[in-house]
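Contents: one structure, followed by commentary.
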Amino acid sequence: MNIQEQFIDKYYGQSSCLPEELKKMLGSKRIELYGMADLNENFEFANTWVVLAEDTLTAFSDQNGKLVKLCEFEISKISSIKEKNSQSATIYEILTADDMPPLLTLVFSGRQKIIMGHLKYLVELKMEGIEHNKPEEWNPDEEYQRAILKPLLDAQNGLTDKKATTLIRLLSYLLPYKKQLIVGALGAVAATTVALIPAYLSGYLIDHVVKPFQKGGLDQDRAMMMAWILIGGLFATYVSREFFVWVRLSKMSILGEYVALDLRKQLYTHLQSLGLDFYSRKQTGSIISRVSSDTDRIWDFVAFGVVEVGIALVTIIGLSSVLISLDWRLGLIMAVPVPLFLLAIYLHGEKMQKLFIKAWRKWSNLTAVLADTVPGIQVVKAFNQEKKEIKRFNKRNEVVTVEFNNIHRAWTRFWPLLMLGIQLVLLSVWTMAIPRLISDESEVGHLTAGTFVSFLLYMTMFSQPIEVIGQMARMLNRALSSAYRIFEILDTKPSITKGDRVLSDDELKGEVEFKDVTFSYDGVRSILKGVNFKVKPGEMIGLVGSSGGGKSTITKLIARFYDVTSGSVKIDGHDLRELQAGAFRKKVGMVLQEPYLFHGTIFENICYGLPKADMKKVIEAAKIANAHDFITRLPQGYETVVGERGHTLSGGERQRVSIARAILHDPKILILDEATSAVDTETERKIQDALDKLIEGRTVFAVAHRLSTLRKADRIFVIDKGQIAEEGTHAELLSKEDGKYATLHKMQQEMSESFVL
Amino acid sequence: MSDVKIYYKQNRQLYLLKGEDEYEIQVKKCFPWTHPLEYLSLRDVEDSEVYLVENLTQLDAESRKNLASYLDKSDYIHEIVKVVDVIEDVELRNYKIATKGGERSIQTRLDDWPSLQDDGGVIIQDLNGDLFRIPTPETLDENSRELLSTYIS
């Protein structure tokens, strides 16, 4: 059973793939994809497998534990698939004609929705006679498992390791620091062992010095000398214990920092190697928290958790052994209740966790008010809703306080009770010890005062390790949860295949060719479907068409943010997959709709990626980009620091800085993605003027909604539903009266005229 | 009384006849929780509204019956009759439940709490977006209520 199958079994309790008997029933037909309708028409949970095999669709249902063929029909018989959604289910009705009942009705929960959506998509492609280009590694079982597990794995951050594996992997980060670890661990063991000595010495002092002196068995000088030696021993013990504690703390805390440092380094380096597909799946906040707070939690666990738990275990075992060896009867009284105390702490921890969950829930209600009103304060004030918002906040604030008070009530009751329990054990020790203490020395079972004092001192050391062990489970879970989140990123493989060919400046002319390019973000739905074109070096191509048609996807493939699903993208005759992505991207310039400026000076932003660029070249680039004038008007000129996203500059100014950056990089291939759409007309003119200078001598792909911005394009591609619907010059496309481009142009003209009127 | 007709065809799809125009329709509720039988948006296959039913009483009896039959299905929410267990795992909470339609394990994120409805009902939305409803916690047995208490009280 692979890990996906284990997850399906653990969480869903259903079959992880099409049963073998059904595969046999389909005979030699090649199964392309299958799904499961896990509800019946009365919305009861059921198992109906639907299999697309070549040109037929077959459904099998579970009837009293036996799988029987429900129906089988050819795809050509389907006229349409109707989808209806309810709050807890989706219904597909597969129709053959309006005046006929459905061929098949499939009802399924959200768990099956992704795979059933894929299945519907493939069936609809077949209905249109289009063959689906599947990747070589296509496997229907894996597709099924991946689709139904996706929401779960997304929630669990792709966790596919067992807890023990993750713990071992986490601890393996300690290996490079074996020396520090051994020294730190020895320090911990030594500190714990040494801590056991004072109690023994105290007992010895009473039994072998004080008592013999009082009975006259020892003269005063000798007694004093022995006492001083023992006190000296106590002093040396305390000093050495603190020394060992220092060794342990200093080594382990620094070691923890190094482990966190390694994790952060590895994480950040790996993040830079991941493709855009990863970043589109993950939220920015989630990625940042893995690099910051999760590595911090790991530091805490490595620096203190690992050793604390180890020390606590050693202490408990050591103390129990010492106490039993000192006096087995009293020792057993102390040691036997320990598991009960541990259990009580564990149960208290469980209870506290529930209370914390409640409080956390109420707390998130409270912070939701803040998240609503702080960013929307202008609206709150404009509608005079301050009082209502204060009331809403106060109400939730009070509820939170009640929950936190419940938490305080719980722990303030528990710990005195636990301490009382420990003291009752102590009292039991006293009760058992007193008759033996005041018995005659010659009597069997007599207990010396010194042994008892040692006992009392050892007993005071019991509570702290008990508490640590009681909290161990939660500490471990927190650290493992962070480790899962970190390892998920480290285990994500870059989606871009590695090429090693680097084209020299002479070799790279800027010719771009798409050959039968198909591309899909999710592996099933094609965004580009067999796109073919060849662009000569220095040519400017306009990409127009409706949103979602595939224009930006074409530019992302050229910049090699993704690899094609099938077909190839060639640059000057070389398959892009053979080229080293980083070296190639240096020759591709991008000017995007929302330019991103890093925190730093304008100068640093212009020469980002070219740290050796000199001032003269930066100024020249800024001049060409129509940015020099506004930069020099700023009090600190090129050394003006722009905010995290360049907030101190207007949209048009930021755009011109990004154009200057592109000019300085001197790219062979330039991508302009709606570069002028977010600015006013005057600024647009300035940017357009800058772009006109930038595009000279380069191969340009310009995505634009406003057709007027493509007046200089040599050719225009109209992209529709993943294909090039029309291609030609502006004039050629306009001459096709019913063409998409001509229609679009007419609409934009009408809008422009109505605006003038 | 409205001049529209709502009816089913043989293919089990719902249709609207408005004047002389016939539309295959789906129905979306404007207020699914508070006014489920008012302001029903009838939408064509392109998902554009073709008619807004403000109140069922404006329809003739046959249309009302057909629309009600459609809503029976589109309204369906699993009803929880018992909570067998609630286990917290890495980043998610796993509820083992029994519904009127059978037993099921559903998962939510740790910070996705059951939501309390104005009528005292409780809604749990799982990771896949499916809704599971408890009419009121009092309808559950004591053990179920105890298991849920952390998340709903």
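Nothing in this text is a laboratory measurement; each read-out follows from the coordinates by a stated rule. No experiment lies behind these values; they were computed from the predicted model shown. Because the Cβ atoms are built from the backbone with ideal geometry, glycine has one as well, and the counts that use them run over all protein chains shown.
Percent of alpha carbon pairs in the protein assembly as shown separated by more than 46 Å? In whole percent, the long-distance tail amounts to 49. The amide H of A:Ile719, built 1.01 Å from its N in the peptide plane, has A:Val544, A:Gly545, A:Ala725 as neighbours under 5 Å, considering only residues 5 or more places off or on other chains. Indicate the helices, whole DSSP H runs only, in chain A that combine a mean Kyte-Doolittle hydropathy of -1.0 or more with a Cα extent along their long axis of 18 angstrom or more. The answer, listed by residue number, is A:113-127, A:140-155, A:178-195, A:220-273, A:306-326, A:338-373, A:386-437, A:463-491, A:651-665, A:681-695, A:740-756. Quick one: check the C-alpha center-to-center distance for segment B:134-153 versus segment A:221-260, whole angstrom. Result: 55 Å between the Cα centres. For segment A:589-604 versus segment B:59-79, the spacing of their alpha-carbon centroids is 55 Å. Report, in whole Å, the centroid distance computed from the Cα atoms of segment A:1-74 and segment A:437-467. With segment A:1-74 and segment A:437-467 each reduced to a Cα centre, they are spaced 70 Å.
Using the Cβ-Cβ distance between B:Lys65 and A:Arg409 with R0 = 56 Å, the FRET efficiency computed as 1/(1 + (r/R0)^6) comes to roughly 0.50. Peptide B:126-139 is shielded by partner chain Cβ atoms: per residue, an average of 4 of them sit within 10 Å of its Cβ. Annotation: extensible slack from A:Leu171 through A:Leu592 equals 147.2 nm (criterion: 0.36 nm per residue apart, minus Cα-Cα distance). Counting, for every residue in A:79-91, the Cβ atoms of other protein chains within 10 Å of its Cβ and taking the mean gives 6.
Between B:Thr99 and B:Val81, B:Arg104, the built amide H atoms are under 5 Å apart, and every one of these is 5 or more places off in sequence or on another chain. A crude spin-label estimate for the pair A:Thr284 and B:Asn55, with each label 7 Å from Cα along the Cβ direction, gives 5.0 nm.
When a/c is below 1.5 the answer is rounded, else prolate if a/b is larger than b/c, else oblate, so apply that to segment A:1-65 with a ≥ b ≥ c taken from the square roots of the Cα gyration tensor eigenvalues.
On the way: a/c = 2.03, a/b = 1.19, b/c = 1.70.
Because a/c hits 1.5 or more and a/b fails to exceed b/c, segment A:1-65 counts as oblate.
Of all DSSP-defined beta bridges confined to chain A, some 75% are antiparallel rather than parallel. A straight Cα-to-Cα reach below 13 Å connects A:Lys69 with the aspartates and glutamates A:Glu21, residues fewer than 8 places away in its own chain not being considered. Over 24 Å apart at the Cα level, from the set A:Lys534/A:Lys623; A:Lys358/B:Lys100; A:Lys515/A:Lys587; A:Lys351/B:Lys96; A:Lys82/B:Lys82, are A:Lys534/A:Lys623; A:Lys358/B:Lys100; A:Lys82/B:Lys82.
When Rg and the Kirkwood radius Rh are both evaluated on Cα atoms of segment A:433-520, their ratio Rg/Rh stands at 1.67. Which lysines have a Cα less than 24 Å from the Cα of A:Lys179, not counting those fewer than 8 places away in the same chain? The qualifying lysines are A:Lys251, A:Lys265.
For segment A:316-406, just say rounded, prolate or oblate: build the C-alpha gyration tensor, square-root its eigenvalues into a ≥ b ≥ c, call rounded for a/c under 1.5, and beyond that prolate if a/b exceeds b/c, oblate if not.
It comes out prolate by the Cα gyration axes.
Our estimate of slack between A:Lys354 and A:Asp219, defined as 0.36 nm per intervening residue step minus the Cα-Cα distance, is 42.2 nm.
Can you list the chymotrypsin sites (Phe, Trp or Tyr not before Pro) in segment A:546-601 that are in a DSSP coil and have 16 or fewer other beta carbons within 10 angstrom?
Answer in residue order: A:Tyr596, A:Phe598.
In segment A:175-257, one over the average inverse separation of all distinct C-alpha pairs is 14.6 Å, which is the Kirkwood hydrodynamic radius. Solvent-free Debye calculation, one equal scatterer per alpha-carbon of segment B:47-153: log10 I(q)/I(0) at 0.15, 0.18, 0.23, 0.24 Å⁻¹ equals -0.71, -0.87, -1.23, -1.33.
Excluding same-chain neighbours fewer than eight residues apart, the aspartates and glutamates reachable from A:Lys686 by a Cα-Cα span under 12 Å are A:Asp629, A:Glu653. Inter-chain Cβ neighbour count for B:10-20, averaged per residue, equals 3 (cutoff 10 Å, partner chain atoms only). Using R0 = 25 Å, the C-beta based FRET efficiency linking A:Leu332 and A:Ala449 works out to 0.75. With R₀ fixed at 30 Å, the C-beta to C-beta distance from A:Val379 to B:Ala98 puts the FRET efficiency at about 0.10.
Taking 0.36 nm per residue of separation and subtracting the current Cα-Cα distance, fully stretching the chain between A:Gln423 and A:Asp689 would add 87.2 nm.
The chymotrypsin sites (Phe, Trp or Tyr not before Pro) of segment B:21-124 that meet both conditions, a loop assignment by DSSP and at most 12 other Cβ atoms within 10 Å of the site Cβ, are B:Trp33. Take each peptide in B:142-150, A:199-207, count the other Cβ atoms within 10 Å of every residue, and average; sorted highest first, the result is A:199-207, B:142-150.
In this simple spin-label approximation, A:Ile197 and A:Ile254 carry label points 7 Å from Cα along the Cα→Cβ vector, and these lie 2.5 nm apart. Computed from the alpha carbon atoms alone, the convex hull of segment A:519-567 holds 89 Å³ per residue.
Could you sort out which of A:Lys616/A:Lys712; A:Lys84/A:Lys120; A:Lys29/A:Lys529; B:Lys9/B:Lys65; A:Lys84/A:Lys529; A:Lys120/A:Lys721 sit more than 21 Å apart by Cα distance in this structure? All intermediate terms of the calculation are to be shown ahead of the outcome.
Values: A:Lys616/A:Lys712 30 Å; A:Lys84/A:Lys120 13 Å; A:Lys29/A:Lys529 26 Å; B:Lys9/B:Lys65 14 Å; A:Lys84/A:Lys529 28 Å; A:Lys120/A:Lys721 18 Å.
Flagged as over cut-off: A:Lys616/A:Lys712; A:Lys29/A:Lys529; A:Lys84/A:Lys529.
Rounded, prolate or oblate, given the Cα gyration tensor of segment A:543-586, with a/c below 1.5 counting as rounded? Prolate.
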